[in-house]
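Here the structure is laid out as structure tokens; the discussion comes afterwards.
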Amino acid sequence: MKPLVHAWPSEGIEHVERCPVCGSSGREQLYSGLTDRVFDCAPGRWDLYQCKGCQSAYLDPRPTPRTIHLAYETYYTHQPPVARSTERMSGAKRLVHALANGYRNHRYHSDLEPANGLGPYVFRLLPRYRKRLDRKMRSLPPPKPGGHLLDVGFGSGAFLLDAQRAGWQVSGADPDPVSVMNGRGLGLDVRQGGIEAFEDFAETFDVISLAHVIEHVHDPVGTLKMAYGLLKPGGLLYVETPNIHAYGHVHFKEHWRGLEIPRHLVIFNWESMTKTLKKVGFTEIQNLSIPSPYVNLAGKSRAIREGRDPYRFARKTLGDRFNGVRVSLPFLADGRKTEFVALYARKDHSS
Ligand SMILES: [Zn+2]
């Protein structure tokens, strides 16, 4: 990977004196001089701190809201959704794929092909694998009549299309104008921007999804508060975000794929996220975090450590697979150290 020589424009940098999650000023430096090693497109060298109050990590200084777009020049969400080809799969893999599609068609009313009708029965017996499939659909509950879902940071629109097929009325927001143009081309109700693009829609949504979004925003607590305001009483917020306490971070340190500097401005952990949600007013937090992303992230983190493009040279070793099993062993592994924090939180029925 070529060394980054450009600096971030100096007028496009802001200082962060207090933790953007809990407001504490106590901190220690985790890493200094970090560069964009994931998409190799953002200029600058960056320092990451860990808050002594809530243990979240955050960039200081960081790009301003006005200039942050410079970090997204070759970001991957521009691509339209593509179906996975089964042509080059072995017979056994094709069968597993068809069973998985059968389960998803049954549970989420999708029409994936090829599908095997035994899928729902097979995956009922395999809860660990079922959770992996559910993760693709963010474990959506069955929709109520007219149930309205908002996906913030909808990217390619693949999830919006899947949710629509499952019976949801769907809307999406994304700061990327290309994503918005593609989304409109797919006939979706989408707006350009973050969650604030829907700020006039108080108490409108049954589900709001913030998947891999909260780590990108300048005011994460403000975003969670707005989500609370836009949900109907009893509505659900889905959050998925990298976990600074992840096993992968402990192992790969500054090379961990989850850091993604400088696009990730703040990296939560299970405790800081759940505490913040409760402060905002959410209740009934349901942990949906799963250990399986470990292996995938380890392959990419290793490529980053070797100075290679993690999307072309990810390499999963036998050791990664062994660690993948180790971090998923019930009773031995800590469920709060998964690569991502994933959860549902409910807005109180009486709000
Ligand atoms: Zn903090």
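The values are calculated or read from the model by the stated rules, or taken from the named source; none is laboratory data. Here the structure is a predicted model, which means the values were calculated and not measured. With ideal geometry, Cβ positions are generated from the backbone for all residues, glycine too; neighbour counts draw on all protein chains shown. Surface areas here come from the heavy atoms of the whole protein model, side chains and all, with no ligands, DNA or RNA. Shrake-Rupley method; radii C 1.70, N 1.55, O 1.52, S 1.80 Å.
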What is the distance in Å between the Cα centres of region 112-134 and region 289-325? 25
Cβ-placed point charges (K, R +1; D, E -1), dipole of the chain about Cα centre in debye, nearest 20: 1560
Taking DSSP loops as anything outside H, G, I, E and B, show the longest stretch in the chain free of chymotrypsin sites (Phe, Trp or Tyr not before Pro) there with at most 16 other beta carbons within 10 Å. 1-200
Only helical DSSP H runs with n ≥ 4 go in: add -39500 (n - 2.57) per run for the chain, normalise by residue count and round the 222 nm mean residue ellipticity to 500 deg cm²/dmol. -8500 deg cm²/dmol
Solvent-accessible surface (1.4 angstrom probe) belonging to M137, in square angstrom, nearest 10: 0
Using a basic spin-label model with each label point 7 Å from the Cα along Cα→Cβ, how many nm lie between K279 and F313? 4.1
Thinking of the chain as a set of Cα atoms, what percent of all their pairs are more than 28 Å apart? 45
Loop-exposed GluC sites (Glu not before Pro) per DSSP, neighbour cap 15 Cβ within 10 angstrom, longest uninterrupted part of the chain: 88-198
At 10 °C and 1.306 mPa s, grab the translational diffusion coefficient of region 111-213 from Stokes-Einstein with a Kirkwood Rh over Cα pairs, rounded to a whole number in µm² per second. 108
Neighbour-limited loop hits for trypsin sites (Lys or Arg not before Pro), region 207-309 (at most 16 other Cβ within 10 Å; DSSP other than H, G, I, E, B): R308
Restricting attention to the chain, give the cysteines that have no other cysteine Cβ less than 4.7 angstrom from their Cβ. C41
